[in-house]
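Participant: Before I ask anything, here is the structure I am working with.
The values are calculated or read from the model by the stated rules, or taken from the named source; none is laboratory data. Here the structure is a predicted model, which means the values were calculated and not measured. Positions of Cβ are generated from backbone atoms using ideal geometry, with glycine treated the same way; all protein chains shown enter the neighbour counts. Calculation scope for accessible area: heavy atoms of the full protein, side chains included, ligands and nucleic acids excluded. Shrake-Rupley method; radii C 1.70, N 1.55, O 1.52, S 1.80 Å.
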Amino acid sequence: VLFRQGTALESLARVDTVVLDKTGTLTEGRPRMIDLQVLGEELTEAEALRLVAGAESLSEHPIAQAITAGARERGLAPAKAEYFRAEPGYGLEARVDGRLVQVGAARYLERIGIDTASVQARIDRWTGAAKTPVYAAIDGRLAAILAVADPVKAGSRAAVEQLHRLGLRVAMLTGDEQRTAEAIARELGIDDVIAKVLPDQKAARIRALQDSGQRVAF
């Protein structure tokens, strides 16, 4: 390990809180699509997944790749998208087979004015089991919900336990929904959860912890 300045070691000795990013640090960073529910009778499961995977196929986000891979595992070739636009931390929209497909987190569906209350009971079950929900609207109507899970890395719980033995408080920072994040935190023995954080908000959340008097390593 190379330290550029000795002051880094001095600062590290005073740390009382360690904040860990979830995806790729505590988890493997390779999520998989594990559930899909189609709403209404207009589309079959295969038709809905083909459209959603077509939109996601142009995104490099790990969840998008999980959905695209999930479609291929089911023998479905993603439909070709003619137009694509992503909003980091929210979701994306694409024109697929002439239809407007919008896929993303609950905050994205709220932003585009699509109500998700009808599926809240299913979402609560998924998030309580550490699954990340993804919402899909087609032509302005909620058409499907999908569940994605990112397995915890072997050794993550042991690492958290070692940090606790050093007298450190451990927090997890993630863009996941609160209930999903809390389920993972319980599994790993993590003290604090900072959830629903957009990528460009992470530095500000760390500064807020520092401003509150905590000495933080992220």
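Participant: Outside any loop (DSSP other than H, G, I, E, B), surrounded by 14 or more Cβ atoms within 10 Å (Cβ to Cβ) and at pLDDT 95 or above - does that describe any residue in the range 196-203?
Facilitator: no
Participant: Also, quick follow-up: When you scan the range 79-95, do you find a residue that is closer than 23 Å to Ala183 by Cα, open to solvent by 10 Å² or more (accessible area, probe 1.4 Å), touching a residue at least 60 places away in the same chain (Cβ under 8 Å) and part of a helix (DSSP H, G or I), even just one?
Facilitator: Checked against the condition, which is being closer than 23 Å to Ala183 by Cα, open to solvent by 10 Å² or more (accessible area, probe 1.4 Å), touching a residue at least 60 places away in the same chain (Cβ under 8 Å) and part of a helix (DSSP H, G or I), the range 79-95 yields no hits at all.
Participant: Six or more apart or on different chains, Cβ under 9 Å: which pairs go from a residue in the range 174-190 that's at positive phi to one that's surrounded by 18 or more Cβ atoms within 10 Å (Cβ to Cβ)? Could you list them?
Facilitator: So the pair list comes out as Gly189/Val160; Gly189/Val170.
Participant: From the set of residues in the range 33-61 that are surrounded by fewer than 16 Cβ atoms within 10 Å (Cβ to Cβ) and within 15 Å of the chain's Cα centre (by Cα), which is modelled with the highest pLDDT?
Facilitator: Ile34
Participant: Quickly run through the range 36-69 and pick out the residues that are hydrophobic (A, V, I, L, M, F, W, C) and assigned to a helix (DSSP H, G or I). Outline the logic, then answer.
Facilitator: As a first pass, look at the range 36-69 and keep what is hydrophobic (A, V, I, L, M, F, W, C): 36, 38-39, 43, 46, 48-49, 51-53, 55, 58, 63-64, 66-67, 69.
The answer is Ala46, Ala48, Leu49, Leu51, Val52, Ala53, Ala55, Ile63, Ala64, Ala66, Ile67, Ala69.
Participant: For Ala66, work out the one condition from (1) within 13 Å of the chain's Cα centre (by Cα); (2) among the small types (Gly, Ala, Ser); (3) surrounded by fewer than 19 Cβ atoms within 10 Å (Cβ to Cβ) it doesn't fulfil.
Facilitator: With (1) within 13 Å of the chain's Cα centre (by Cα); (2) among the small types (Gly, Ala, Ser); (3) surrounded by fewer than 19 Cβ atoms within 10 Å (Cβ to Cβ) applied to Ala66, the lone miss is (3).
Matching residues to (1) of a type in the set (D, E, K, R); (2) within 22 Å of Ile114 (Cα to Cα); (3) in contact with a strand residue (DSSP E or B) (Cβ under 6 Å, 6 or more places away or on another chain):
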site	(1), (2), (3)
Arg30	yes, no, no
Met33	no, no, yes
Gln37	no, yes, yes
Leu58	no, no, yes
Ile63	no, yes, yes
Pro78	no, no, no
Glu87	yes, yes, no
Glu93	yes, yes, yes
Leu100	no, yes, no
